[in-house]
Amino acid sequence: MIAGYRRFRGAGWIKQRTTFETLAESGQQPKALIVACVDSRVDPAMIFDAAPGEMLTIRNVANLVPPYAPDKAYHGTSAALELAVQVFEVRDIIVLGHGMCGGVRALLHGAPENAHDFVAAWMSIAESARQRTAHVESPEARQQLCEQEVIRVSLANLRTFPWIARRVAEGKLRLHGAWFAIRSGVLMTLQADGSFVPATGPEGEQ
């Protein structure tokens, strides 16, 4: 970590210094929020080539958004959503799922023996995704389909937050789904018809 920091100070900081100084003076004004998985192989800033200050990021197991449930318990994801939507008034929220997701594997096959305090209960949020993919016989195909169903679960749960639903209805906020293939680097985006379609890269490449 320290070696990486030294590389950043020697090169990255020099390139981004003006950006950081402007952000320090003027504050941040992010335009989008990414709800992503905690998986170390999926870096939203890298995937979207985002500069400091451009987007907010929530990362948790399997990029899940829980339903709106205000109470005295601790709600890290919901608190971050409130900050992004109510305070920073982001224009877009993207739920970013990915291939080979360990959280989805736990949903389908059970949480690891040493991860039952929180993971199993957390993944129960997406129980409907597990049920909707029960008919798929191929383990690989079911895993990917369930990863994409989890994205739909999170998008549906986003709409249970009244201040998100209101801003969507007013045309001030857009909700998006996307799925990233780790092995190929291909990003697929959720379309209005419910399908996932590859986003195009430079000169139409996928």
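Just so you know, all these numbers are worked out from the coordinates, no wet-lab data involved. Quantities reported herein were computed from a predicted structural model and do not represent experimental measurements. As a convention, Cβ positions derive from the backbone with ideal geometry for all residues, glycine included, and neighbour counts pool all protein chains shown.
Residue separation of D193 and T160 scaled by 0.36 nm, minus their Cα-Cα distance, works out to 9.8 nm of gained length.
Debye sum, Cα scatterers, region 1-150, no solvent: what log₁₀ I/I(0) at q = 0.11, 0.14, 0.17 1/Å? Debye output, listed in q order: -0.55, -0.83, -1.06.
Pull up the cross-link candidates among the lysines for K15, meaning alpha carbon to alpha carbon under 18 Å and not fewer than 8 places away within one chain. Within the straight-line limit of under 18 Å, K15 reaches no lysines at all. Taking chymotrypsin sites (Phe, Trp or Tyr not before Pro) across region 1-108, the ones in a DSSP loop with at most 14 further Cβ atoms lying within 10 angstrom of their Cβ are Y74.
The gain in end-to-end length when the A73 to I47 segment is fully stretched comes to 6.1 nm, 0.36 nm per residue minus the alpha carbon separation. Net charge of the neighbourhood of V168, taken over other residues with C-beta under 12 Å away and scored Lys/Arg +1, Asp/Glu -1, is +4.
Putting +1 on Lys and Arg Cβ atoms and -1 on Asp and Glu Cβ atoms, find which of T22, V153, Q191 reaches farthest to the positive end of the dipole of the chain. Going by the charge dipole, the pick is T22.
Rounded to the nearest 500, the 222 nm mean residue ellipticity of the chain from helices alone is -10500 deg cm²/dmol, with -39,500 (n - 2.57) taken per DSSP H run of at least 4 residues. For region 15-22, putting each phi into the Karplus relation 6.51 cos²θ - 1.76 cosθ + 1.60 with θ = phi - 60° gives couplings of 5, 9, 4, 4, 4, 5, 5, 5 Hz, in residue order, rounded to whole numbers and with x for Gly and Pro.
Over the chain, Cα pairs under 8 Å with separation of 6+ residues give a relative contact order of 21 percent. Taking each residue as 0.36 nm, the span from M100 to H176 lengthens on full extension beyond its C-alpha to C-alpha distance by 25.3 nm.
Taking the Cα centre of the chain as reference, the dipole from Cβ charges on Lys and Arg (+1) and Asp and Glu (-1) amounts to some 320 debye. Taking M46, M55, M188 as the candidate residues, the one with maximal mean-square fluctuation in a Gaussian network model of the chain, Cα springs under 10 Å, is M46. Taking E140, E127, E25 as the candidate residues, the one with maximal mean-square fluctuation in a Gaussian network model of the chain, Cα springs under 10 Å, is E25.
Using the Cβ-Cβ distance between R7 and Q28 with R0 set to 22 Å, the FRET efficiency works out to roughly 0.35. Scanning the chain for trypsin sites (Lys or Arg not before Pro) that sit in a DSSP loop and have at most 16 other Cβ atoms within 10 Å, the longest stretch containing none of them is 92-158.
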